[in-house]
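*Asks:* My structure is below; once you've seen it, I'll send some questions.
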Amino acid sequence: MNILLLSTDIPYPPVSGGRLRVFQVLKELSRYHRMYLISFLKNPDEYEYKRELLDYCEDVALVPLPASLPGKYFSKYASREFQQHIDDFLARYPIDLLQIEHSYMDVYRYRTPKPGGLGKVLIQHNIEHEVHRQRIAYEWPGYSWKEKLLNSLDYLRFKRFEWNRMGEQDLCVMVSELERNKLLKKRPELSNRTVVVPNGVDTEYFQPPADGGRKPLTLVFTAHMGWFPNEDGMLWFYRDMFPRLTDRYPDLQVIAAGKEPTAPVLQIGNEDRRIVVTGRVEDMREFLYTGTVFICPLRMGGGTRLKILEAMASGIPVVSTSIGCEGLDTVSGEHLLIADRPDDFAERIIELLEQPDLRTRLSGNARRLIESSYGWKGIVERYDAQLQERFGGRETEAWTRR
């Protein structure tokens, strides 16, 4: 098939959760289908990566992301230039299927000369209006009354828009059974048009280090530090858990690795030498392979966390909140440790720091779970089978561009 993928952000380099998913699915699908990509570009310096994407795509168009309007959650994704590229691709190429990343990208016209029209697949990385609601609650104390009104109205409009968009697709893809069940509770008639394609991990790229050379007393949190749930989680950990831990381990170090750290996150790194804020990192394995314990102190968010899958694949034991590992097929005490109160979270970290046998058992179980259920190749093979059943077949022979 000829598949046109519409993305909110350039998927290469795959340095954050959303990019990772889009890139891995794109790469795996390109083995058997002709792929085309139109994507917004948030950082003009990344235009150079178009050539890497052309290893997997027939054609790529990158569009600068416009500024959003106040009180308009998804207004920045309604771009005249993006529409022009869609029109151009549909006129020039025999596109069979649209794959739309995020509901708020489905704001365009899709006019095609193809008899019978296009198949449409919506990829829901989160139920986005729920994340928007969490953000409003998080920022609510600092809002003026006007901002509160605008954001509340925007949330209600977007919630209605998103439920409607999910109902208009030929296929709606959720990243976990939990989120699929939320959708079907609201729209039970979509049962036959909704599937789960979970997040995954490159099991060859992320492997437990052969030398086992982990640093003592080193906690690792890898995340897009500009994304508000990650910022909140890091600040919550530093305020409510870190003091309890450093009372016992004065030399404890925390690595906060990820792009676009906010001013508050940078501030704690500047004020406390035990907090290392790295900024953008090209290869997270540097920290996943040397840390003692991986932490995921999230209090909000949606979808599933690729950061936890990468940690589990890399053999570093994980302590997470329930929300942090929501949607993953994990069991506390078997694959990781789960705690939601600050005292309990700190205590679970202490258990792992004090018990090397527990670290070994959890990380071994977690790696086996990753290998059996969360490798990208198997995930996309199962997704591709859904596409073949509903929309058509693969190329008669494997399609490669190299």
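Every number in this text was worked out from the coordinates using simple rules, so none of it is lab data. Fair warning: this is a prediction, and the values are worked out from it, not measured in the lab. Neighbour counts are summed over all protein chains in view; Cβ atoms, including those assigned to glycine, are modelled from backbone coordinates with ideal geometry.
*Asks:* Pull up the cross-link candidates among the aspartates and glutamates for K42, meaning alpha carbon to alpha carbon under 20 Å and not fewer than 8 places away within one chain.
*Replies:* Of all the aspartates and glutamates, those that pass the test against K42 - Cα under 20 Å, at least 8 places apart if same chain - are D9, E52, D59, E81, E101, D106, E128, E231, E260, E282.
*Asks:* Could you tell me the distance between the Cα centroids of the range 1-28 and the range 229-251, to the nearest Å?
*Replies:* Comparing the Cα centres of the range 1-28 and the range 229-251, I get a distance of 33 Å.
*Asks:* Same structure again: Give the lysines whose C-alpha is closer than 17 Å to that of K27, dropping any in the same chain fewer than 8 places away, or say none.
*Replies:* K50, K377
*Asks:* Please give, to one decimal in nm, the separation of the simple spin-label points placed at E147 and W163, each 7 Å out from Cα toward the Cβ.
*Replies:* 2.8
*Asks:* Which whole-number percent gives the relative contact order of the range 218-373, counting Cα pairs below 8 Å spaced six or more residues apart? Before the final figure, lay out each step's value.
*Replies:* Numbers: 272 pairs, mean separation 35.5, N = 156.
Normalised by residue count, the contact order of the range 218-373 is 23 percent.
*Asks:* Suppose the chain between R280 and E354 were pulled fully straight at 0.36 nm per residue; how much longer would it get relative to their current alpha carbon spacing? It would help to have the intermediate numbers written out before the result.
*Replies:* Details: separation 74, 0.36 × 74 = 26.64 nm, distance 3.09 nm.
My answer for the length gained is 23.5 nm.
*Asks:* Residue by residue, what Karplus-based ³J(HN,Hα) values in Hz, rounded to whole numbers, does the range 186-197 have, using 6.51, -1.76 and 1.60 with θ = phi - 60° and x for Gly and Pro?
*Replies:* Going residue by residue, I get 7, 10, x, 5, 8, 3, 7, 10, 10, 10, 9, 10 Hz, with x marking Gly and Pro.
*Asks:* Give me a comma-separated list of calculated 3J(HN,Hα) values for the range 325-339, in order, Karplus coefficients 6.51, -1.76, 1.60 applied at θ = phi - 60°, integers in Hz, x for any Gly or Pro.
*Replies:* Those phi angles translate into 10, 4, x, 8, 7, 10, 10, 5, x, 10, 10, 6, 10, 10, 8 Hz.
*Asks:* Name the long-range amide H neighbours of R187: under 5 Å, sequence gap of 5 or more, or other chain; modelled H, no Pro or chain starts.
*Replies:* Here nothing satisfies the definition.
*Asks:* Another question, if that's okay. Add -39500 (n - 2.57) for each DSSP H run of 4 or more in the chain, then divide by its residues: what number comes out at 222 nm, to the nearest 500 deg cm²/dmol?
*Replies:* Estimated from H runs of four or more residues: -12500 deg cm²/dmol.
*Asks:* Can you work out the FRET efficiency for the pair K114 and R248, with r the C-beta to C-beta distance and R0 = 45 Å, to the nearest 0.05?
*Replies:* Working: r = 65 Å, r/R0 = 1.44.
So the FRET efficiency works out to roughly 0.10.
*Asks:* Right, here's the next one. Enumerate the amide H contacts of K120 below 5 Å, restricted to partners 5 or more residues apart or on another chain; note that Pro and chain-start residues carry no placed amide H.
*Replies:* Here L98, D170, L171 satisfy the definition.
*Asks:* Lysines within cross-link reach of K307: Cα-Cα under 16 Å, excluding same-chain residues under 8 positions apart?
*Replies:* K259
*Asks:* Would you kindly state how much longer the chain becomes between E347 and D170 on full extension, computed as 0.36 nm times their sequence separation minus their alpha carbon distance, in nm to one decimal? Could the numbers behind the result be given before it?
*Replies:* Details: separation 177, 0.36 × 177 = 63.72 nm, distance 4.71 nm.
Full extension of this stretch gives 59.0 nm more.
*Asks:* Okay, next question. Calculated FRET efficiency, Y93 and V331, Cβ-Cβ r, R0 56 Å, to nearest 0.05?
*Replies:* Numbers: r = 46 Å, r/R0 = 0.82.
Calculated transfer efficiency: 0.75.
*Asks:* Rounded to the nearest 20 debye, what is the charge dipole size of the range 218-373 about its Cα centre when +1 sits on each Lys and Arg Cβ and -1 on each Asp and Glu Cβ? Mind dumping the intermediate values first?
*Replies:* Details: 17 positive and 23 negative charges, 35 e Å.
Dipole of the range 218-373, to the nearest 20 debye: 160 debye.
*Asks:* Related question: Taking other Cβ within 10 Å of each residue's Cβ, how do R80, R239, R348, R157 sort, fewest first? Could you put the intermediate results ahead of the total?
*Replies:* Numbers: R80 8, R239 11, R348 22, R157 15.
Ordered from fewest to most neighbouring Cβ atoms within 10 Å, R80, R239, R348, R157 come out as R80, R239, R157, R348.
*Asks:* Find the centroid of the Cα atoms in the range 277-312 and in the range 335-351, then give the distance between the two in whole Å.
*Replies:* Here the answer is 16 Å between Cα centres.
*Asks:* Sticking with this structure for a sec: May I have the count of lysine pairs in the range 76-179 with C-alpha atoms under 30 Å apart, counting pairs 8 or more residues apart or located on different chains?
*Replies:* Values: K76/K114; K76/K120; K76/K146; K76/K148; K76/K159; K120/K159; K146/K159; K148/K159.
The result is 8.
*Asks:* First select every other residue whose beta carbon is under 14 angstrom from the beta carbon of M312; then total the charges, Lys and Arg +1, Asp and Glu -1.
*Replies:* Overall, the nearby charge balance is +2.
*Asks:* Using θ = phi - 60° and the Karplus form 6.51 cos²θ - 1.76 cosθ + 1.60, what ³J(HN,Hα) does each residue of the range 378-384 get, whole Hz, x for Gly and Pro?
*Replies:* With the stated coefficients, the range 378-384 comes to x, 4, 6, 4, 5, 5, 4 Hz.
*Asks:* What is the calculated FRET efficiency for N270 to E389, with r their C-beta to C-beta distance and R₀ = 56 Å, to the nearest 0.05? Walk me through the numbers before you get to the answer.
*Replies:* Values: r = 54 Å, r/R0 = 0.97.
So, using R0 = 56 Å, E works out to roughly 0.55.
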